[in-house]
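Down below is the structure, laid out as structure tokens.
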Amino acid sequence: MNRGGRRTLRQDLPIKAEINVTSLVDVAFTLLVIFIITAPMLQGGVEIQVPEADVAPLTAQTEPIIVTVQRDGRVFLAETEIPSEDLRTSLPQLLRAAGAQTVYIRGDAQADYGEVLSIIAAVSHVEGITFGLIANPVIDP
């Protein structure tokens, strides 16, 4: 029974079938900002200044093995630093484990030519693989 002409509580509240997406949008934008900031950090590899040349993009069917020679002569096999003398023994084992048949050599533009050449010689002695040199493509203005 209704007292004093007042409606019941259920009749006072209108039914709204809306979803409040404000907090959802806030969370989505926060995650987007986090991904934008962390994505460049997740790119693996050893930072070097690769020289520019008139080259075509890499087109490898399988994941290649990359050997990097830094400016100071340090050598990295994939992302692991190794002594350059150990490259001849480490590279065949890594190639067998990864099933790769291609090795790319990245040399810093300021690296000693002799260091890069010794790495090329070490890689060329491994049987059954092909190798190439990595350069940045020249961008015409």
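Out of the residues in segment 105-134 meeting the condition of being of a type outside the set (Asp, Glu), closer than 20 Å to ARG71 by Cβ and open to solvent by less than 30 Å² (accessible area, probe 1.4 Å), tell me which one is farthest from the chain's Cα centre (by Cα).
Checking each candidate, the answer is ALA122.
Do we have THR38 as within 20 Å of the chain's Cα centre (by Cα), closer than 19 Å to THR130 by Cα, at pLDDT below 85 and among the β-branched types (Val, Ile, Thr) here? I'd like the intermediate steps shown before the answer.
Working: within 20 Å of the chain's Cα centre (by Cα): yes; closer than 19 Å to THR130 by Cα: no; at pLDDT below 85: yes; among the β-branched types (Val, Ile, Thr): yes.
Answer is no for this residue.
Of everything in segment 92-104, what is surrounded by 12 or more Cβ atoms within 10 Å (Cβ to Cβ) and over 21 Å from the mean Cα position of the chain (by Cα)? Give them in sequence order.
Step one: list which residues in segment 92-104 are surrounded by 12 or more Cβ atoms within 10 Å (Cβ to Cβ), which gives 92, 94-95, 98, 100-104.
Listed by number, the list holds a single entry, PRO92.
Taking the options GLU127, GLU81, GLU63, name whichever one is assigned to a loop (DSSP other than H, G, I, E, B), of a type outside the set (Gly, Ala, Ser) and within 23 Å of GLU47 (Cβ to Cβ).
Numbers: GLU127 fails: within 23 Å of GLU47 (Cβ to Cβ); GLU81 fails: assigned to a loop (DSSP other than H, G, I, E, B).
Unique residue meeting the criteria: GLU63.
For VAL116, are the conditions met, namely being touching a strand residue (DSSP E or B) at 6+ places or on another chain (Cβ under 6 Å) and in a helix (DSSP H, G or I)?
Working: touching a strand residue (DSSP E or B) at 6+ places or on another chain (Cβ under 6 Å): yes; in a helix (DSSP H, G or I): yes.
Considered against the rule, which asks whether it is touching a strand residue (DSSP E or B) at 6+ places or on another chain (Cβ under 6 Å) and in a helix (DSSP H, G or I), VAL116 comes out as yes.
Of the residues that sit in segment 57-75 and are without any contact (Cβ under 8 Å) to a residue 60 or more places away in the chain and of a type in the set (A, V, I, L, M, F, W, C), which one is farthest from VAL138 (Cα to Cα)?
In the first step, residues of segment 57-75 are kept if they are without any contact (Cβ under 8 Å) to a residue 60 or more places away in the chain; the result is 59-65, 67-75.
Narrowing further to those that are of a type in the set (A, V, I, L, M, F, W, C): 60, 65, 67, 69, 75.
On the way: ALA60: 20, ILE65: 24, VAL67: 22, VAL69: 21, VAL75: 25 Å.
So the residue we want is VAL75.
Mind listing whichever residues of segment 64-77 are open to solvent by 50 Å² or more (accessible area, probe 1.4 Å), out of contact with any Ser or Thr (no Cβ under 9 Å at 6 or more places or on another chain) and of a type outside the set (Val, Ile, Thr)?
Restricting attention to segment 64-77, the residues satisfying the condition of being open to solvent by 50 Å² or more (accessible area, probe 1.4 Å) are 66, 71-72, 74.
Applying the additional criterion that residues be out of contact with any Ser or Thr (no Cβ under 9 Å at 6 or more places or on another chain) yields 66, 71-72.
Those that are open to solvent by 50 Å² or more (accessible area, probe 1.4 Å), out of contact with any Ser or Thr (no Cβ under 9 Å at 6 or more places or on another chain) and of a type outside the set (Val, Ile, Thr): ARG71, ASP72.
Please specify each residue of segment 78-87 satisfying the condition of being open to solvent by 20 Å² or more (accessible area, probe 1.4 Å) and either small (Gly, Ala, Ser) or within 25 Å of PRO51 (Cα to Cα) (or both).
If we filter segment 78-87 for residues that are open to solvent by 20 Å² or more (accessible area, probe 1.4 Å), which is where we start, we get 78-86.
Those that are open to solvent by 20 Å² or more (accessible area, probe 1.4 Å) and either small (Gly, Ala, Ser) or within 25 Å of PRO51 (Cα to Cα) (or both): ALA78, GLU79, THR80, GLU81, ILE82, PRO83, SER84, GLU85.
Is it the case, given these coordinates, that VAL50 is in contact with a helix residue (DSSP H, G or I) (Cβ under 7 Å, 6 or more places away or on another chain) and β-branched (Val, Ile, Thr)? Before you say what the answer is, go through the steps one by one.
Working: in contact with a helix residue (DSSP H, G or I) (Cβ under 7 Å, 6 or more places away or on another chain): no; β-branched (Val, Ile, Thr): yes.
So VAL50 fails the test.
The values are calculated or read from the model by the stated rules, or taken from the named source; none is laboratory data. Computed from a predicted structure; not experimentally measured. Quick reminder, even Gly has a Cβ in these numbers, built from the backbone with ideal geometry, and neighbours come from all protein chains shown. Heavy atoms of the whole protein, side chains included, go into the accessibility calculation; ligands, DNA and RNA do not. Shrake-Rupley method; radii C 1.70, N 1.55, O 1.52, S 1.80 Å.
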